[in-house]
Structures are given as C-alpha cells and as structure tokens.
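Reviewing the structure listed below.
The values are calculated or read from the model by the stated rules, or taken from the named source; none is laboratory data. Everything numeric here is computed off the predicted structure, so don't read it as measured data. Using ideal geometry, Cβ is built from the backbone for each residue, glycine included, and neighbour counts are taken over all protein chains shown. The protein model used for the area step is the full one, side chains on, heavy atoms only, and it has no ligands, DNA or RNA in it. Shrake-Rupley method; radii C 1.70, N 1.55, O 1.52, S 1.80 Å.
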Amino acid sequence: MGNMEMTTDIVVVGAGHAGCEAALACARLGLDTVMFTVSVDSIALMPCNPNIGGSSKGHLVREIDALGGEMGKNIDATFIQSKMLNKSKGPAVHSLRAQADKRDYSSRMRGVLENTEHLQIKQAEVTELLVEDGVLTGVKTYSGAIYRCKACVLCTGTYLKARCIYGDISSYTGPNGLQAANHLTESLKHHGVEMRRFKTGTPARIDGRSIDYSKMEEQFGDAKVVPFSFTTDPKEVQIDQISCWLTYTNEETHQIIRSNLDRSPLYSGMIEGTGPRYCPSIEDKVVKFADKSRHQVFIEPEGRYTNEMYVGGMSSSLPEDVQIAMYRSVPGLENAQIVRNAYAIEYDCIDARQLMPTLEFKKIPGLFSGGQFNGSSGYEEAAAQGLAAGINAALKTLGREQVIFDRSESYIGVLIDDLVTKENREPYRMMTSRSEYRLLLRQDNADLRLTPLGHRIGLISDERYEALLEKRRQIEEEMARVLTVNIGANEKVQTFLEQHESTPLKNGTTLVELIRRPELDYGVLAELDPFRPQYSEAVQEQVNINIKYDGYITRQKKQVEHFKKLENKKIPQDMDYFAIHGLRIEAQQKLEQYRPISVGQASRIAGVSPADISVLLIYMEQWRKK
C-alpha cells in the first residue's frame, strides 16, 4: 500500500478569514480547490475581538466586497450592532464597524464554503510542501496523503508552532485551545523560506451575569444601519441591536499590573515574539503610557445566545490570580467571573518581503501567501490578502495575467505594498494615515473603484457590473445638472439660508456654490431644487462628496497621475543592480534583495534615496535605447 495521492488545481492551507476568501475566489473562478483546516469547526473563527471593520479596516471590507469577496455579506447577515465611526470628521476617515455574533459568523461562512461548487473542505494538517526544480507541485498531509496542485495558497494565521501563554502557564496549542500546526515550518525552512516569530494576545471572556452594567456607559448602534456589502438591501439590516458597554481602568488597576510585571511572560523574557504596537496588552499600555490615569474598556457581547462578554482593551498574558484582581478593580467588574482566561499567542510567520506584489513567493513559483502568516494583524487585513492571493493563484493557473493592487487605487494595494516593500518589526495593522491618497480611497466609493476590476477578474456578475455602470452614469449626469441650476436671491431662498445659519445672498448663485458651503449639503438643498430627479441615497452621497471636496480631489488625482508614471515603469527582472554606476552600495544591495517590479516600488524601499531613483531612471532609459 502506497500513500494516497490526489490531483487538484489549487490547495489552500488554512480556513480562517484569509483562507475562506482565497478558497472562494479560486472555486468561483472555476478551479478545483481543496481547503485544508486543522478543524472544520474553526472555519472563519474569530479567536479575538467579536467585530468586523473599524477605522480603515471598514475600508478593506468594502473593497473585498467590491471585488466579489464574502466578508461584507457575511457580517451583514450575522451582526448584532453596527456603527459608522468618525462621523464628525471628513468622509475619507468614515469607517463602518459591526459587532458579530461569533458563532453565526463562523457557521454562515462555513455554509457558503460547503455549498460552493469546485470547493472541497478537508480536515487535515498540511505538513510538507512538495517542490520540484524550484517550483511548487503539491503538498503532503500528516497522514502522508499527497495532493498535487498547480498553485498553493498558505493562510496559516497564528497556528504554526503556536504557543499560548499566561503567567508561567504555556501550552503548545492554537487559539482557543485548538490544535496547533507543528510541522509545516520545517518544510518551509527547508525550501529557503525565512521565518520569524510574532505574538498577539486576547483579553479574558467574562460571564455577563457577573457584570454590574449600572456602573458603565451604554453604547448603542446607529439608528440607521449602513450595510457593508454593496449588494445588501439596506432594509434587511435594520434590526434590533444589542448594546455594548464602556468602562475604564483606574489607578488601582495600574498598581496591580505594575506590582506583578515581573510575573508577566512579556517582561520576563519567556515570550520572544514581537507584539502588535497598535493593539497593545494592558500591561504594555500601563508601562508605555505611564502618564495616563485610565484606559477605555469596552464590554462587548460575543453573540445573541451566550452570556460570554469580551473585555476590549484589556488583553493580557499575566497569571490567572493577577488577571482576576486586575479585572475586578474595574468599575462594574467587581464580581466578574472569568469564563476564559486572557492569553498571549506566539506563532511562526514570514517576513513578507520574500513575496512579489502578487503575493507569490519570489523563490518558489506557484506558492502564494495570505493573511496573518504574512506578518499582519486583524481579520480584515487577513481577508484582503487571502482574496488577493487567491485571485492571483487562480489567474496564474488559468494562464491569465495576475493583478497587482496599486496604492493609488485601494487600501488593499497600500496594505500589500507596505508588507512586501517595508520592514515590519511587528504585526502590521492598517490605518487611514498609511494611505497617502485616502481622499480618493474612501469606503463610500469602493465599488466605483474596484467593481470593474472584480468583473474583469470574473468574480462580479454582469448584472452587478451593469448596475454599477448605471450608478456611475447617474452620478455624472447629476453632477453636470447641478452646475447649471441657478438660485436667485429671492425671499424664499434668503429665509432658507437664515434657517440653516448660512450667509444670505447678495445676488444669484449656482446650486454648486451653495452645496460647497460647510453648513449646507446636497440633501438639505433639495427644497430649493424643484426639478431634482429621484436618485438613490448612494448616488446622492457621491454627488455631495464630489462637489464638496472637488478641489482636494482634483489635486490628489494629479498626484496619482505622477505616481502612476513611476508604477508603470517596469524594471526587467534580470536587472543587474551592481552594474549600475552611481547607485550607492546600500541601494544596490537593497534593490538586489527586493527585486522590485517597478520604479515606483523601488522608490518605497528603505535605503533607496530619490537620488538613487534618478540614477536608475537614467540607466533604464539608456538600457532601453540599446
């Protein structure tokens, strides 16, 4: 009896948020796909916070949806509270965030996967990559079964050699006590992949019956819920929402933590991995922000049918007795009963600079990588990379040109470009401030930006694409119309302006000029615009934003044109950087190490200066003439 051997088009390793999007993209493009998971019960699991979206992450979810991914639809169907964040600021930073019912989220996604044609789910641990002549040809599982494939997407998340730690308790398990994957790391190293160790953490879960909510501030969802997916009917998401609660740590909490720091594995050297800067543990916060007398603590339900509450803002790896004392010092948690202890998790991942912008390994053709395994943090960042890696693995297998997401076109582009060209010493987190073109890359226009690409790839139906073209036509038509609407300085107009605390008119003006006033907008001005056509709210929103921010948007579009010129200057992959005189040695070494695909990408590598780019451009020009 030999080992079982099977053949398929694509293998996806892992079934978290990245693996789900990768597998769905491949299968929906008609390729036979096998998705491996150490536990079928942990598909699309949320091992940490029970929410999707949030500042800049909401943008990613919208973009995933615009390209034909599943995350937005899934949260729309399973959320229990929803809020648009940063509403008091400009539209570039508005971000949607929704609390999920953890169990529903996971089981709905599993249902979608189980009922997708060309997709097979296998509960097994992948332990080995099969590489022949430098090219990936398949994978091997723990039982010895071999799966031959044309491409493989690694989405191992936090499972590789995972170790969960609190106090001096350490167990070699994945998140939530699930089985870790202990074998694949050796195979990756054997094939020349450089590994690193990162850590993340999660707070305790507390029995809701032991909480005194009267000492906390109730946090409600939005009165009018905005869906994540462009395909969700807004009427379907107006549901009875569940409240979250806000409380704060205090000096007593901080004192308990400070006096037990020597027992923290973070500070005793027991944890070697680097943690996420923008999602620090409570002990990190107390040490790094010593001047702060309190920190916010959000109490968030894990679902509709459970009493388990998530303690947002207090992740920790302190010993059990310290955890109890620390949580019980917080107002409302005086009698808190812990259901699951807080813990840190340490895991193997890669330095993503080993990947091309398509998320394929430079040195192992056919092997792609997505999600937390690439050194990022967050469900949304993971799903975005899983989708991108899955799309490119499928396109490569189909013999089609792969897609490179551009920094000027999407947050997904910013995320991937940052990961593959910049040195990340800690788990990477998406933020609006990382996007230099954020006024163009808003969450409200993700469909206008990316649905045409989703259609070209084959993940967006003709009907959905046609609807988008119609929406775009309506926006353009209405923008052109409001330019021609004149408003006279009559009594009705002056009364209206007075009511809205807006300066009266000396003589007539256009509707556009009034929309641009900070205290007015397109919607409010409807009563002065009797011949206005009836458009959807989505169209009205685009008209309003485009008119109000016209000057800024135009300026940013000019910057993008300049940026595109450098992105479109492709660098031959056999370029010998050491032969280019005038390049500094550091630049030669860095360019050789990264092998950027364009001058634009080269310009973003640390250690490559603007002067080096000028030298490179001149050399490429001469090289082209030869």
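Within region 235-251, if we keep just the residues that are in contact with a helix residue (DSSP H, G or I) (Cβ under 9 Å, 6 or more places away or on another chain) and open to solvent by less than 70 Å² (accessible area, probe 1.4 Å), the residue that is nearest to G72 (Cα to Cα) turns out to be V237.
Restricting to region 92-111, name every residue that is over 19 Å from E236 (Cα atoms) and modelled with pLDDT of 95 or more. Spell out the reasoning first.
Kept after step one, since they are over 19 Å from E236 (Cα atoms), are these residues of region 92-111: 92-95, 102-103, 106-107, 110-111.
If the condition is that a residue be over 19 Å from E236 (Cα atoms) and modelled with pLDDT of 95 or more, then H94, S95, K102, R103, S106, S107, R110, G111 are the ones that fit.
Among the candidates D284, D262, the residue that is over 29 Å from the mean Cα position of the chain (by Cα) and outside any loop (DSSP other than H, G, I, E, B) is uniquely D262. Quick check: anything in region 30-42 crowded, with 24+ Cβ neighbours inside 10 Å, within 19 Å of K150 (Cα to Cα) and polar (S, T, N, Q)? There is at least one residue in region 30-42 that is crowded, with 24+ Cβ neighbours inside 10 Å, within 19 Å of K150 (Cα to Cα) and polar (S, T, N, Q). Selection of region 564-597 for residues being open to solvent by 20 Å² or more (accessible area, probe 1.4 Å) and either closer than 27 Å to L441 by Cα or in contact with a Lys or Arg (Cβ under 6 Å, 6 or more places away or on another chain) (or both) yields K564, K565, L566, E567, N568, K569, K570, I597.
For region 598-615, the set of residues classified as part of a helix (DSSP H, G or I) and either surrounded by 14 or more Cβ atoms within 10 Å (Cβ to Cβ) or hydrophobic (A, V, I, L, M, F, W, C) (or both) consists of V599, G600, Q601, A602, S603, A611, D612, I613, V615, listed by residue number.
Working only within region 503-543, note down all residues that are among the β-branched types (V, I, T), more than 33 Å from the chain's Cα centre (by Cα) and either surrounded by 16 or more Cβ atoms within 10 Å (Cβ to Cβ) or not in a loop (DSSP other than H, G, I, E, B) (or both).
As a first pass, look at region 503-543 and keep what is among the β-branched types (V, I, T): 503, 509-510, 512, 515, 524, 539, 543.
Those still in the list that are more than 33 Å from the chain's Cα centre (by Cα) too: 503, 509-510, 512, 515, 524.
Selection gives T509, T510, V512, I515, V524.
Considering each residue of region 265-272 in turn, at least one proves to be free of Cβ contacts under 8 Å to residues at least 60 places away in the same chain and either part of a helix (DSSP H, G or I) or touching a helix residue (DSSP H, G or I) at 6+ places or on another chain (Cβ under 9 Å) (or both). Here Q296 meets each of (1) open to solvent by 30 Å² or more (accessible area, probe 1.4 Å); (2) at pLDDT below 95; (3) in contact with a strand residue (DSSP E or B) (Cβ under 8 Å, 6 or more places away or on another chain) with one exception, condition (2). Within region 105-119, residues that are within 12 Å of C26 (Cα to Cα) and open to solvent by 70 Å² or more (accessible area, probe 1.4 Å) have Cβ atoms under 9 Å from residues that are in a helix (DSSP H, G or I) and not β-branched (V, I, T) in these pairs: E117/A27; E117/R28; H118/C26; H118/A27; H118/R28, counting only partners at least 6 apart in sequence or on another chain.
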